[in-house]
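Down below is the structure, laid out as structure tokens.
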Amino acid sequence: MSTLDLGFDASFFNNDLNVTFDWYRRVTSGMHTAGEQLPATFGAVVPKINFGELTGTGFELGINYQHQFENGLGLSASASFSHVKEVITKFNSQTRSINGNYEGKRLGEIWGYETDRLFQADDFDNTGKLKAGIAKQNKYENDDFKFGPGDVKYKDLNGDGEITYGNNTVENPGDQKVIGNYLPNYEYSFSLGATYKGFDFNVFFQGVGKRDFWVGGAVGIPSGGSGYMDAAYAHQTDYWTPTNTGAFYPRPTDMSWKQNNQNYLKQTRFLANMAYLRCKNITLGYTLPQDIVKKIMLQSFRVYVSAENLFEIDNLHLPIDPETTEYKRGAANAAWSFGRSYPFTRTISFGLQATF
């Protein structure tokens, strides 16, 4: 592994304001990749070789300010912001499958379809077939499912008149493209604090500027978590009907165990926006003056109230925690049980701190 790091530390206003910045490029070499293709007469599995290379480029910015005024008021503030982009820069593979690793792949990328809208009745003729000029989607039909009004209409990105996955390679992805990334991007945090005549106040926020996720299972896909036709969640009741044509979800269909099929091919419409801003902690305290503390035979005495995970701001349409990072399956972007990890609890506590 090799790392190039460029940065600086700077202080201003008699060291009240401090700024740190680092830009880095980290190259991890010698990663396992597939070995060179050998003839079948080799008689064994082709051994892997240490040829792969991963390059991460990112930066970190930190700002800290603190000042004590003559009237006794003390203020403090800090903020941090970071971002990293990791790309496979060397990888030995015969084909660049969008479902595997390949040279040029950014870690965390999600391939899928761009959603146009939901089909309406006037998209079909009297025989139930799509009208001329509308891309066919019969590749994803079967004996139990035919596309009709209320189903998802995908965009024909390559203009061939049919929605397909090509051969699922970077060179021929059909109508698929990179629609998101499930790794956290643009992570940030900031805190504010103040002290005055024994009172102290601190608040800490944390967030992620961009993160996408394809949520499978019954939470993300109506009737899609088991073979027993799960009941719909409250957030899934806005589904298409002839009298509710502007719904968010398509018409109800049995999607049991089908996490990437028919109406729920990985797509932009149902991709979860996992960006969030969360108030991690707010604390308000009061420390008794020394003249009072000495009378009760103590060195210090403080009372406080503290709140953890008090609230968050997000744009999710699903009842899951945007900070969730646990999955049941190994492939993070395909876990059908995503969101079932224990939720972050909101806690309000009161306390006393006494030094004898």
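Condition first: of a type in the set (Ser, Thr, Tyr) and touching a residue at least 60 places away in the same chain (Cβ under 8 Å). Now tell me which residues in the stretch 265-303 satisfy that.
268, 276, 283, 286, 287
State whether the residues of the stretch 288-308 include one that is acidic (Asp, Glu), modelled with pLDDT of 95 or more and not assigned by TED's automatic domain parsing to the domain that holds residue 154.
Yes: one or more hits.
Select from the stretch 125-137 the residues that are surrounded by 10 or more Cβ atoms within 10 Å (Cβ to Cβ), in contact with an Asp or Glu (Cβ under 9 Å, 6 or more places away or on another chain) and basic (Lys, Arg) and list them in ascending order.
136, the sole residue that qualifies.
Which residues, taken from the stretch 1-42, are at pLDDT 90 or above and charged (D, E, K, R)?
Hits for the stretch 1-42 are 5, 9, 16, 22, 25, 26.
Could you list, in sequence order, all residues of the stretch 193-217 that are of a type in the set (Val, Ile, Thr), at pLDDT below 95 and assigned to a strand (DSSP E or B)?
none
Give the residues of the stretch 182-208 that are of a type in the set (Gly, Ala, Ser) and within 28 Å of the chain's Cα centre (by Cα), sorted by residue number.
Selection gives 189, 191, 207.
Of the residues 151, 122, 156, 200, only one is farther than 30 Å from residue 352 by Cβ and surrounded by fewer than 17 Cβ atoms within 10 Å (Cβ to Cβ); which?
Just one listed residue meets the conditions, 122.
Taking the stretch 63-110 only, how many residues are touching a residue at least 24 places away in the same chain (Cβ under 8 Å), over 25 Å from the mean Cα position of the chain (by Cα) and closer than 17 Å to residue 13 by Cα?
Counting residues in the stretch 63-110 that are touching a residue at least 24 places away in the same chain (Cβ under 8 Å), over 25 Å from the mean Cα position of the chain (by Cα) and closer than 17 Å to residue 13 by Cα gives 9.
Quick check on this structure: which one of 190, 147 is aromatic (Phe, Trp, Tyr) and modelled with pLDDT of 95 or more?
Only one candidate qualifies: 190.
Of all residues in the stretch 1-36, which are farther than 30 Å from residue 74 by Cα, among the aromatic types (Phe, Trp, Tyr) and out of contact with any Leu (no Cβ under 6 Å at 6 or more places or on another chain)?
24 - this is the single residue of the stretch 1-36 that is farther than 30 Å from residue 74 by Cα, among the aromatic types (Phe, Trp, Tyr) and out of contact with any Leu (no Cβ under 6 Å at 6 or more places or on another chain).
Could you list all residues from the stretch 168-181 that are surrounded by fewer than 20 Cβ atoms within 10 Å (Cβ to Cβ) and either touching a residue at least 40 places away in the same chain (Cβ under 8 Å) or under 26 Å from the mean Cα position of the chain (by Cα) (or both)?
168, 169, 170, 171, 177, 178, 179, 181 - these are the residues of the stretch 168-181 that are surrounded by fewer than 20 Cβ atoms within 10 Å (Cβ to Cβ) and either touching a residue at least 40 places away in the same chain (Cβ under 8 Å) or under 26 Å from the mean Cα position of the chain (by Cα) (or both).
The values are calculated or read from the model by the stated rules, or taken from the named source; none is laboratory data. Since we're looking at a predicted model, the values are computed, not measured. Every residue, glycine as well, gets a Cβ built from its backbone with ideal geometry; the counts of neighbours run over all protein chains shown.
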